[in-house]
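Enquirer: So that we are looking at the same thing, I have put the structure below in structure tokens.
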Amino acid sequence: MRRNRRRSGQQAVRSGIVVFPGTNRERDMAIALKAASGRAPAMLWHRETELPPLDLVVLPGGFSHGDYLRSGAMAAHAPIMGAVRAFAGRGGYVLGVCNGFQILTEAQMLPGALLRNAAMRFLSRDCVLRVERGDTAFTRGWKPGDVFRAPMAHGDGNYVADADTLDRLEGEGRVAFRYHGDNPNGSARAIAGVLSPSLRVCGLMPHAEDLVDPLMGGIDGRPLFDGLVGALVH
Amino acid sequence: MRVRVSVMLKDGVLDPQGKAIGHALHTLGFGNVGEVRAGRVIELELDEADPARARAQGDEMGRRLLANLVIETFTTEVVG
């Protein structure tokens with residue numbers, strides 16, 4: 001039944017992708033969301049101050065405002081972010097990938113910060129991620145301990161937070177993903193993705209949305225989107 | 001008034017940019033260079049005649065946008 005409803009589009013998950021000046025991964029994200037949900041996401045310009053009715057807001061990758069000042073610093077104060085914050089406050093689901101993760105930390109919707117990669121290089125290559133828990137909307141497509149391949153494309157992916165914050169994140173099960181094998185950007189405790197206390201806001205550095213079709217070279221990222229859609233379907 | 005906000009990474013936060021600058025200085029023969037820390041200076045022209053108020057505004061801007069207090073500290077001075 002659910003499949004039929006999804007195919008008809010009537011009950012499909014309603015997602016929106018926020019576009020800032022300098023965002024460049026919104027179309028990749030739209031492809032992944034549409035493939036999983038059957039419904040094309042709404043594109044939301046950063047100057048908007050209200051959101052349409054949505055189940056999921058995604059902040060995609062890119063270089064919002066040219067990464068000036070700090071990656072994500074200006075976008076965190078964009079007009080739409082008040083509405084995104086209110087949406088999350090009402091229990092809405094928010095996913096930030098790469099620059100979107102940076103924006104969520106700058107907006108203090110997630111703890112910590114993303115600094116320049118430890119080796120100073122922009123990293124554009126695949127990495128391997130390990131799933132830390134399988135019981136959240138963002139990770140339910142995997143089992144804890146599963147590993148999967150994900151493309152990285154970032155200069156500022158070095159996750160930092162003070163020791164108390166890191167301990168709290170680990171203690172509360174809010175580390176969603178870790179780098180497996182090598183730690184490409186020097187992130188504290190190899191953290192690649194974190195969750196809010198409600199488990200409804202997730203930031204992830206690598207681009208799961210870029211491996212969702214065999215034509216892209218693999219489907220390792222699909223469980224993120226299939227899992228999300230499964231969790232949010234009406 | 002002109003206000004200068006200087007933003008630096010907190011002590012203990014890895015500063016790969018400072019490290020790279022230090023390496024380059026060593027390569028240039030400045031062998032006595034120890035730790036190098038890199039920061040950012042932002043100068044603001046404010047329509048404000050009172051230095052105390054100008055500085056307070058700089059502080060507020062530092063807290064809200066110019067610095068990320070998770071990883072950075074900043075100082076504010078009135079420079080003219």
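The values are calculated or read from the model by the stated rules, or taken from the named source; none is laboratory data. These numbers come from a predicted model, not from an experiment. Here the Cβ is made from the backbone with ideal geometry for all residues, glycine too, and neighbour counts use every protein chain on show. Note: areas computed on protein heavy atoms with side chains; ligands, DNA, RNA excluded. Shrake-Rupley method; radii C 1.70, N 1.55, O 1.52, S 1.80 Å.
Enquirer: Helix-only mean residue ellipticity at 222 nm, the protein assembly as shown, DSSP H runs n ≥ 4 weighted -39,500 (n - 2.57), per residue, nearest 500. What is it? Can you show the working numbers first?
Expert: Numbers: 8 runs with 80 residues, N = 314.
Calculated mean residue ellipticity at 222 nm is -7500 deg cm²/dmol.
Enquirer: Relative contact order of chain A: what whole-number percent is it, with Cα pairs under 8 angstrom and at least 6 residues apart? Don't jump to the answer; show the numbers that get you there.
Expert: Numbers: 537 pairs, mean separation 46.6, N = 234.
This gives 20 percent for chain A.
Enquirer: Using heavy-atom solvent-accessible surface (probe 1.4 Å) with all chains present, what is the largest-first order of A:ILE103, B:ILE21? Could you put the intermediate results ahead of the total?
Expert: Numbers: A:ILE103 0, B:ILE21 70 Å².
I get B:ILE21, A:ILE103, largest accessible area first.
Enquirer: Same structure, new question: Carbon and sulfur together cover what percent of the accessible area of chain B at a 1.4 Å probe radius? Write out the running numbers ahead of the final one.
Expert: Values: 2670 of 4970 Å².
In chain B, the share of accessible area belonging to carbon and sulfur is 54 percent.
Enquirer: Okay, next question. How about region B:5-20: which of its residues lose at least 50 Å² of accessible area in the presence of all protein chains relative to their chain isolated, using a 1.4 Å probe?
Expert: Listed in order, they are B:PRO16.
Enquirer: Let me have the relative contact order for region A:105-234, percent, based on Cα pairs under 8 Å that are six or more residues apart. Don't skip to the end; give the middle numbers.
Expert: Details: 265 pairs, mean separation 37.4, N = 130.
Normalised by residue count, the contact order of region A:105-234 is 29 percent.
Enquirer: Gaussian network model of chain A, Cα springs within a sub-10 Å range: biggest mean-square fluctuation belongs to which of A:TYR68, A:TYR93, A:TYR159?
Expert: A:TYR68
Enquirer: Still on this structure, please answer the following. Using a 1.4 Å probe on protein heavy atoms only, how many Å² of accessible area do B and A hide from each other, summed over both chains and rounded to 100?
Expert: On the way: alone 5530 and 10160 Å², together 14530 Å².
In total, this chain pair buries about 1200 Å².
Enquirer: A further question follows. Give me a comma-separated list of calculated 3J(HN,Hα) values for region B:47-62, in order, Karplus coefficients 6.51, -1.76, 1.60 applied at θ = phi - 60°, integers in Hz, x for any Gly or Pro.
Expert: 7, 7, 8, 8, x, 5, 5, 4, 5, 4, 5, x, 4, 4, 5, x
Enquirer: Near B:LYS10, which lysines are there with a Cα under 26 Å away, not counting those fewer than 8 places off in the same chain?
Expert: Here the lysines satisfying the reach criterion relative to B:LYS10 are B:LYS19.
Enquirer: Which parts of region A:142-169 would a label at A:ARG125 reach, counting a residue when its backbone N lies under 14 Å from a point 7 Å out along Cα-to-Cβ?
Expert: Under 14 Å, as judged by backbone N against the label point of A:ARG125, lie A:150-154 of region A:142-169.
Enquirer: Return the sequence-ordered ³J(HN,Hα) values of region A:168-176 in whole Hz as given by the Karplus equation 6.51 cos²θ - 1.76 cosθ + 1.60 applied to θ = phi - 60°, using x for Gly and Pro.
Expert: Once rounded to whole Hz, the list reads 5, 4, 5, x, 8, x, 9, 8, 8.
Enquirer: Expressed as a rounded percentage, what relative contact order does region B:2-78 have, with Cα pairs under 8 Å and six or more residues apart?
Expert: Details: 102 pairs, mean separation 39.2, N = 77.
Relative CO of region B:2-78 lands at 51 percent.
Enquirer: Another question, if that's okay. Please list, short to long, the whole-number percent of alpha-carbon pairs of the protein assembly as shown in consecutive 10 angstrom bins beginning at zero.
Expert: Taking all Cα pairs of the protein assembly as shown, the binned fractions are 6, 25, 33, 21, 10, 4, 1, 0 percent.
Enquirer: Let's test the formula: R0 of 22 Å, r as the Cβ-Cβ distance of A:ARG90 and A:GLU50. What FRET efficiency results, to the nearest 0.05?
Expert: Values: r = 13 Å, r/R0 = 0.59.
With a Förster radius of 22 Å, E is 0.95.
Enquirer: Which part of region B:1-21 falls in the paramagnetic zone of B:GLU77, meaning amide N under 13 Å from the point 7 Å along Cα-to-beta-carbon?
Expert: Under 13 Å, as judged by backbone N against the label point of B:GLU77, lie B:3-7 of region B:1-21.
Enquirer: Between A:VAL147, A:VAL175, A:VAL97, find the one with the highest GNM mean-square fluctuation for chain A; connect C-alpha pairs within less than 10 Å.
Expert: For chain A, modelled as a Gaussian network with Cα springs under 10 Å, the answer is A:VAL147.
Enquirer: Using the heavy atoms of the protein chains and a 1.4 angstrom probe, tell me the accessible area per residue for the protein assembly as shown in square angstrom.
Expert: Details: 14530 Å² over 314 residues.
Normalised by residue count, the accessible surface of the protein assembly as shown is 46 Å².
Enquirer: What are the ³J(HN,Hα) couplings of region A:182-195, residue after residue, when phi is run through the Karplus curve with 6.51, -1.76, 1.60 and θ = phi - 60°? Round to Hz, x for glycine and proline.
Expert: 7, 9, x, 10, x, 4, 4, 6, 6, 6, 10, x, 10, 10
Enquirer: If you don't mind, there's one more thing I want to ask. Once amide H atoms are placed 1.01 Å from N in the peptide plane, what residues at a sequence separation of 5 or more from A:ASN24, or on another chain, have their amide H within under 5 Å of its amide H?
Expert: For A:ASN24, the qualifying residues are A:GLY62, A:PHE63.
Enquirer: Could you please state how large a percent of the accessible area of chain A is carbon and sulfur, counting protein chains only and using a 1.4 Å probe? All intermediate terms of the calculation are to be shown ahead of the outcome.
Expert: Values: 4710 of 9570 Å².
About 49 percent, which is the carbon plus sulfur part of the accessible surface.
Enquirer: Can you tell which of A:HIS207, A:ILE31, A:TRP45 lies farthest toward the positive end of the dipole of the protein assembly as shown, using +1 and -1 charges on the Cβ of basic and acidic side chains (Lys, Arg; Asp, Glu)?
Expert: The listed residue farthest towards the positive side: A:ILE31.
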